[in-house]
Structures are given as C-alpha cells and as structure tokens.
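What follows is a single structure, written as structure tokens, with notes after it.
Where a number appears in this text, it was derived from the coordinates with a stated rule and is not lab data. Values in this document were obtained by computation on a predicted structure and should not be read as measured data. Here Cβ is always computed from backbone atoms with ideal geometry, including for glycine, and neighbour counts include all displayed protein chains.
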Amino acid sequence: MSSPRETHISDLLPAYALNSLDTDEARQVANHLRTCDECYREYLEFQAVVDRLGFAASSMRPSPTLKGRLISRIRTVRSSRAEAKPVIPWLQKITPQRLSKPWLTAAAVIVLLLVGDIWMAEELIVRAAPPVTTAVQVTPIAAPIITPAVDTTLRTINLVSTSARYKAKGMLLLSSDGLKGMLVVDGLPDIAAQHVYQAWLGERNNPNSAGILNVSNSGYGWVEIKSAPKPLHEIRYFGVTVEPAGGSAFPTGDSILAAYR
C-alpha cells in the first residue's frame with residue numbers, strides 16, 4: 001500500500017540502487033520500500049539500469065602502465081573501505097539541497113560507465129598476462145623388481161541347466177593346483193523360504209556336499225569350495241539341487257545345474 005506523495009523517497013532511490021547511501025538513510029529507504037509499492041516499482045527500474053550499465057562500456061586496449069596503477073588503486077580502495085566509517089553520501093555534497101531525480105539518474109549512469117571501463121580494462125590485463133609456470137620436480141622411477149613367474153592360471157568347468165524349465169547357468173573356477181575353487185551361478189529360479197540351493201561334487205551316484213549357496217534376490221549365487229576328496233579337476237560330477245533349509249546329507253530335491261566329466 002503506497003503512502004501519500006509527500007512521504008515518498010523517490011529522490012533517494014538512485015543513490016540507494018548505487019549503494020551510496022549511509023547506513024541510516026539506507027535503512028530508512030529499505031523500511032519504506034517494504035510498505036510502498038510505488039517506490040518499490042520505481043526502485044526496480046533504477047536497479048535494472050544499474051545491472052545493465054556495467055556491460056555497456058566499449059572494449060579498449062589499456063596502456064602498458066595501466067595494470068600497475070590499477071592494481072595499486074584497487075588495493076588502496078579495499079584498504080580504505082575496511083577502515084572507513086559511515087559518511088555523508090557524495091551525492092549530497094554536490095549541493096546543499098537534494099538533486100532532482102533526472103540529475104541523480106544521469107550521475108548514476110556516468111559513474112557506472114566509468115566503473116565499467118575500469119572493470120573491462122582490468123579484465124583485458126588479466127587475460128593478456130602470460131601464464132605462470134611452476135617448476136615440477138621429477139623423481140626418478142626405480143627399476144622394476146623382477147620375480148620368477150608363477151602359474152596363476154584359473155581352470156573353469158561349466159555347469160548347464162538340467163531342465164528346459166530353468167534358465168540357470170554356472171561356472172566353477174578352479175585354482176591352478178585344483179585344491180580350491182569358487183562356484184558361481186546365475187539365473188536361479190525363486191524357491192520357497194524354507195528351501196536352499198546346495199552344491200555337490202564327487203561321483204554322480206554318491207556326491208558329497210560342497211556347501212549351501214549364497215543367493216541374491218536377482219538369482220545370482222556363489223559358494224566357496226575349500227575342501228574336496230581329491231583335486232577338483234579330477235572330480236567327475238558337480239551339481240546344484242534344491243534342498244530343505246539347512247541342507248541335506250545327500251541330494252533329495254530337484255536338480256538345477258550339473259556338469260558330468
């Protein structure tokens with residue numbers, strides 16, 4: 001809701017958009033803008049001009065000495081801002097009375113054009129400066145240590161589905177000495193919670209348990225084979241069946257995968 005005309009702060013809005021008011025006046029303007037729609041719309045127009053003027057400056061090639069003078073000036077301004085106390089806005093020092101809105105707007109445009117020129121010049125200097133290179137210390141690489149070759153070849157035995165109803169497949173990975181292995185299977189069908197998948201090895205008519213498979217919800221399972229009656233590459237039968245929870249002493253359920261050698 002707008003206040004009566006005599007209470008508007010139009011003459012302060014350009015300086016407020018430029019952030020050049022002192023602390024008390026800036027607080028006064030901010031409080032007024034919360035309740036006056038007309039002044040707020042006018043402030044947005046000034047702010048839009050401020051946002052665009054920084055990009056209105058034309059490109060220029062700076063003089064060779066500008067970089068040093070500009071950096072020195074920036075450091076001086078930053079140091080003075082850190083120690084400065086609130087002062088009377090510079091716009092109010094031009095004349096004892098408030099300047100009219102058109103003059104304030106023109107002053108804001110001139111100031112921002114000058115600032116834009118300096119900013120563009122600094123950007124050109126920074127981009128034109130040669131890249132800084134850093135010396136890198138190179139550490140000699142020690143000669144590789146040569147060790148005798150060790151046979152780590154893995155042997156494999158494929159297990160195939162024992163029924164067209166199943167899409168399961170498996171592979172038994174054997175260590176080079178055949179004393180240990182890992183059975184990995186995929187595509188196992190879902191079974192009831194009171195059942196498990198159990199692996200077997202040995203003779204087809206008298207196999208030994210190789211352990212219960214760890215099976216994920218996606219039908220992927222595995223079991224590590226740590227002991228066998230003889231080296232795994234000499235065993236003639238491997239298989240996977242469905243057994244009651246806890247496993248069985250010998251196969252009792254449906255056969256899912258098998259390998260005969």
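Excluding residue 160 itself, what net charge comes from residues whose Cβ is under 12 Å from its Cβ, given Lys and Arg +1 and Asp and Glu -1?
Net charge around residue 160: +2.
Which distance in nm do the two modelled labels at residue 63 and residue 216 give, with both placed 7 Å along the Cα-to-Cβ direction?
7.2
Suppose each label sits 7 Å from its Cα in the direction of the beta carbon; what would the residue 163-residue 10 distance come out to in nanometres?
9.1
Sort 39-45, 209-215 by the packing proxy (mean of other Cβ within 10 Å over each peptide's residues), most packed first.
Ranked by mean Cβ neighbours within 10 Å, highest first: 209-215, 39-45.
Using 0.36 nm per residue of separation minus the Cα-Cα distance, give me the extension gain between residue 224 and residue 37 in nm, one decimal.
59.7 nm
Grab the beta carbon distance between residue 22 and residue 79, set R0 = 22 Å, and tell me the FRET efficiency rounded to 0.05.
For residue 22 and residue 79, the calculated efficiency is 0.65.
Checking a compactness column here: for the range 155-260, what do you get for Rg(Cα) / (2.2 N^0.38 Å), N being the number of residues?
For the range 155-260, the normalised Cα radius of gyration is 0.97.
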